[in-house]
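S.K.: Let me give you the structure first, and then I'll get to my questions.
The values are calculated or read from the model by the stated rules, or taken from the named source; none is laboratory data. Here the structure is a predicted model, which means the values were calculated and not measured. Every residue, glycine as well, gets a Cβ built from its backbone with ideal geometry; the counts of neighbours run over all protein chains shown. In case anyone asks, the SASA skips ligands and DNA or RNA and just uses the protein heavy atoms, side chains included. Shrake-Rupley method; radii C 1.70, N 1.55, O 1.52, S 1.80 Å.
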Amino acid sequence: MTRVAAVDLGTNSTRLLVADVEAGRLEEVERRLTITRLGEGVDERGRLLPVPIARVRNTLAEYRRDVEDLGASLTLAIGTSALRDAENGEAFLGEIEWSYGFETRLLDGDEEAAMMLRGVRAGRDGDLEDTVVVDIGGGSTELVLSTDGGTPHAVSLDIGCVRVTERFLASDPPAHAELEEAAAYVRSLLPAYEARDAVGVAGTVTTLATLDLGLAEYDPRRTHGHRISFLSVERELDRLAALTLEERLRVPGIEPGRAPVIVAGLLILREVLDAYGLSGIEVSERDILHGAALAAAELPEPEEGAAPPGAYTCC
């Protein structure tokens, strides 16, 4: 058995998983999430900005202490949409390797989809045949049409909840015309899949599950495996889109850092389900973070070495 840690440097949140891995099986030890908004402004300026970088650095300092206290021997930090799109993204990953001792990997869209699917499969007994797995991130949305007997079809789309919010939803609350324009843009990018079911991962769907279950606080033990109907997606989207940000911040079950982007996330989810004629979606608490933990267990033991390229030139 190997105790590992995985860090997901997402566009909207930075997450940590410490887990024990043995023979491809994973058991969670500790999981944490911090809303850091690393991708704030990346869509407009093309680079990571100083304030979001500082938020992530502070979070990683805390996570490093957790990793050491819990005795994880290998740590893999993965970068996705925001780091792919930012001109200083790779340099920031180099700095993370040098400052915190984490192995890092910048995933392209296909790699991100494959790692996400690996994590979902690790937490599910049933098959995923003809099922579209939906990962709505901050900067991008990954869709993987899984066929247990063949090669999955995967696509990474630049329609994350942070990106759609910054591009389209300027009013507070969002204007009807803004919502319609955003929905049309999302629809225009969706691939022509034929699916009979859907599984959703990440913050948009877990927040929606929290609301759908009537929970005052997020509880992954309750949300994992919960099924959300298409009608519930529409109802919550309509309800939250009619509220100001200040009002959404007071809704039980929505984390403060999720409130500014939850409307865009639900809009993306609605368009995905509608495009494929699906009546609902199953929530999975196993996602790309768990796939990264399995990948971390396959890393070689760390060696002392020189600073990675760009470690002193970041940001």
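S.K.: So for the range 59-74 (the condition being under 26 Å from residue 141 (Cβ atoms) and either among the hydroxyl-bearing types (Ser, Thr, Tyr) or touching an Asp or Glu at 6+ places or on another chain (Cβ under 9 Å) (or both)), does at least one residue qualify?
M.R.: yes
S.K.: What tally of residues in the range 6-49 results from selecting those that are assigned to a strand (DSSP E or B), open to solvent by less than 30 Å² (accessible area, probe 1.4 Å) and touching a Phe, Trp or Tyr at 6+ places or on another chain (Cβ under 8 Å)?
M.R.: Number of matching residues: 3.
S.K.: Shifting gears a bit: Please enumerate the residues belonging to the range 272-298 that are charged (D, E, K, R) and open to solvent by 10 Å² or more (accessible area, probe 1.4 Å).
M.R.: Of everything in the range 272-298, those that are charged (D, E, K, R) and open to solvent by 10 Å² or more (accessible area, probe 1.4 Å) turn out to be 274, 282, 285, 286, 298.
S.K.: If you check every pair at least six apart or on different chains, which have Cβ atoms under 6 Å apart with a residue in the range 16-45 that is in contact (Cβ under 8 Å) with a residue 24 or more places away in the chain and on the phi > 0 side of the Ramachandran plot first and a residue that is surrounded by 15 or more Cβ atoms within 10 Å (Cβ to Cβ) and assigned to a helix (DSSP H, G or I) second?
M.R.: Within 6 Å, the pairs are 37/52.
S.K.: Related question: Just to be sure before I move on: is residue 114 in contact with a Pro (Cβ under 9 Å, 6 or more places away or on another chain) and at pLDDT below 85 in the structure I sent?
M.R.: yes
S.K.: Among the helices (runs of 4 or more DSSP H) confined wholly to the range 193-265, which include 2 or more residues that are open to solvent by less than 40 Å² (accessible area, probe 1.4 Å)?
M.R.: Fully inside the range 193-265 and qualifying: 203-212, 230-241.
S.K.: Do we find a residue being of a type outside the set (S, T, N, Q), crowded, with 21+ Cβ neighbours inside 10 Å and at pLDDT 90 or above anywhere in the range 97-104?
M.R.: yes
S.K.: Considering every residue within the range 80-88, establish whether at least one is under 20 Å from the mean Cα position of the chain (by Cα) and within 25 Å of residue 27 (Cβ to Cβ).
M.R.: Within the range 80-88, one or more residues are under 20 Å from the mean Cα position of the chain (by Cα) and within 25 Å of residue 27 (Cβ to Cβ).
S.K.: Another question about this same structure. Quick one: in the range 146-181, of everything that is hydrophobic (A, V, I, L, M, F, W, C) and more than 20 Å from the chain's Cα centre (by Cα), which residue is most open to solvent (accessible area, probe 1.4 Å)?
M.R.: 170
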